[in-house]
Amino acid sequence: ISQQFQVGANANETIGVSIASTLTDDLGRYFIDAVNDVARRGTGSAVQPQAALASVNTIAAQTLTINGAQGAATVSVAAGATSFEIAAAITATEADTGVTATARTEATLDTLSADGRVSLTLGSGGNTQTISADVTQSDLRNLVSVINDQSGVTGVTATISNNTITLIQQEGRDIEISSYNHSAGGTLALTPQDGNAESLTNTNANSRISGLIEFSSQDSYTVASDIADSAGSIIDGTAGTNEIAQFEEVTLIDISSVAGANDAIKIVDAALGKIDAQRGDLGALQNRFESTISNLMNVAENLTAARSRIRDADIAQETSIMTQKSILQQAGVSILAQANTTPQLALSLLQG
C-alpha cells in the first residue's frame with residue numbers, strides 16, 4: 001500500500017506512506033544454502049578419506065559479494081576457513097547488507113560392511129578423542145553412545161535413525177575423523193551434507209568434513225563468489241554468478257521433523273523481524289504526522305491573530321478621532337449661525 005498525503009499549502013509538500021503486505025504468503029525469510037555439490041570442494045563436503053588427516057578443508061580463498069536490501073558488502077574467505085569462521089564474517093556485515101549466516105556441520109555414518117570393533121579419533125576445532133565400540137552391521141547404537149559420552153571434549157554429538165548415525169557439530173566447525181580401524185577390516189560409509197559418499201577403511205582412515213553455511217534475511221538478496229565451484233567456491237556456479245535467495249513463507253512451515261522445526265523458528269524470526277521493522281516505520285510516520293499537525297495548528301493560530309489585528313479597530317484612537325470630528329462639526333455650525341444673523345443686525349440698525 002502506497003499513498004501520498006498533502007501536508008502543506010504549496011505543491012509537492014507531501015508525506016509518503018508505504019506499508020508492505022503482512023499476509024502470511026508474504027511473510028517469511030530468504031535463504032541460500034551454501035553447499036557445493038559439484039566438485040566436493042565447498043562447504044558441506046568431506047576431504048576424500050586418505051592415509052593422513054588433511055590439515056584444512058578444501059575451501060579455497062575467495063571473495064564473496066553480498067547484495068542485500070540495505071546495501072552491498074564483500075567478505076574475504078581464507079583458504080581452508082571453517083564454515084563457523086565464514087558465517088561469523090558474513091554476519092559481521094549485517095549492518096551493511098541485512099544478511100546473516102549460520103553454520104552447522106553434519107555427516108552420516110552407515111553401511112558397515114562387517115561386524116567387529118570400530119575405533120576412530122573424532123573431534124572438532126582441534127579437540128579430539130578416541131572412540132571405540134563393538135558394533136554389528138545391523139546395530140550401530142554402541143558407537144553412538146560412546147560418541148555422545150565424549151561430546152563434551154569433541155564438540156560432536158550423534159543421533160541414530162534406521163541404523164544411520166548422524167554426526168553433528170552445532171557451530172559449523174570442521175568434523176575431524178582420523179585413525180579409523182575395524183577389527184575385521186570392514187568399511188564404513190561416510191556421507192557429508194553435499195551427498196557425496198566416501199568409505200572409511202583401515203588404509204584410508206582419515207577425513208575432514210566442512211559444514212553447511214546458510215545465508216538468511218527477511219529481504220531478498222544475492223551472493224556471488226569470485227571463483228567457480230570447481231575451484232573451491234562455497235557457491236555453486238561460475239565465478240561472479242549471483243546466487244539468488246529463495247523465499248520460505250510462513251504458510252510453508254512444517255514442524256513434523258526436527259529440521260522442519262528448526263526452519264520454522266528461522267522463518268518466524270524473519271517474519272517477526274519484518275513486522276517489527278514495519279512497526280518502527282509506522283511509529284516514525286506517526287511522529288512526522290504529529291509534528292506536521294502541530295506545525296499546521298501553529299500556522300493557523302498565527303494567521304488568525306494576524307487577521308484579527310488587521311480587522312479589529314483601535315477603540316481609543318477611533319474615539320479620539322470621532323470626538324475631534326464632532327467638535328469641528330459643532331464649531332462649523334456655530335460659525336454658520338453667526339454668519340446668518342450678522343446681515344439681519346445691520347438691517348435693523350439702518351431701519352432704526
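Laboratory data are not the source of any read-out in this text; all were calculated from the coordinates shown. Just so it is clear, the structure is predicted and the values come from calculations on it, not from any experiment. Note: ideal-geometry Cβ built from the backbone for every residue, glycine included; neighbour counts use all protein chains shown.
Pick the calculated Rg and Dmax of the Cα atoms in Å for this structure from [x] 42.9, 175; [y] 24.9, 84; [z] 19.8, 60? This structure yields the entry labelled [x].
Might you report the magnitude of the Cβ-based charge dipole of the chain about its Cα centre, with Lys and Arg at +1 and Asp and Glu at -1, to the nearest 20 debye? Kindly include the intermediate steps, with their values, before the conclusion.
Values: 16 positive and 37 negative charges, 284 e Å.
So the dipole magnitude of the chain works out to roughly 1360 debye.
Of Ile177, Ile147, Ile19, which has the largest mean-square fluctuation in a 10 Å C-alpha GNM of the chain? Largest GNM mean-square fluctuation: Ile19. Work out the charge dipole of the chain with +1 on the Cβ of Lys and Arg and -1 on the Cβ of Asp and Glu about the Cα centre, then indicate which of Val77, Pro192, Thr22 is farthest towards its positive end. Positive-end residue among those listed: Thr22.
With a Förster radius of 22 Å applied to the beta-carbon distance between Val268 and Ala69, the computed FRET efficiency rounds to 0.70. Of Glu248, Glu176, Glu13, the residue with the greatest mean-square motion in the GNM of the chain, using alpha carbon springs below 10 Å, is Glu13. Computed extension length for Ala11-Ser220: 71.7 nm, one decimal, from 0.36 nm per residue of separation with the Cα-Cα distance subtracted. Spin-label model, Ser138 to Thr241: label points 7 Å out along the Cα-to-beta-carbon direction sit 4.6 nm apart.
By count of other Cβ within 10 Å, fewest leading, how are Thr201, Thr128, Thr105 ordered? Spell out each step's value before the answer.
Working: Thr201 16, Thr128 21, Thr105 27.
Fewest-to-most Cβ neighbours within 10 Å comes out as Thr201, Thr128, Thr105.
Result for the chain in a Gaussian network model with C-alpha springs under 10 Å: among Gly155, Gly260, Gly211, the largest mean-square fluctuation is at Gly260. Rounded to 0.05, the FRET efficiency of the Arg117 and Ala79 pair, given R0 = 30 Å and the Cβ-Cβ distance, is 0.20.
If you stretched the chain out fully between Ile293 and Thr130, how much longer would it get, using 0.36 nm times the residue separation minus the C-alpha to C-alpha distance?
Working: separation 163, 0.36 × 163 = 58.68 nm, distance 7.27 nm.
Residue separation times 0.36 nm, minus the Cα-Cα distance, leaves 51.4 nm.
Cα centroid separation, the stretch 92-107 to the stretch 220-264: 11 Å. Angle of helix 258-311 to the longest C-alpha principal axis of the chain, folded into 0 to 90 degrees and rounded to 10: 10°.
Between Ala331 and Ala300, what FRET efficiency follows from the Cβ-Cβ distance if R0 is 35 Å, with the result rounded to 0.05? Intermediate values should be presented prior to the final figure.
On the way: r = 49 Å, r/R0 = 1.40.
Computed FRET efficiency for Ala331 and Ala300 comes out at 0.10.
Spacing of the modelled spin labels on Val258 and Asp33, each 7 Å from Cα toward Cβ, amounts to 1.6 nm.
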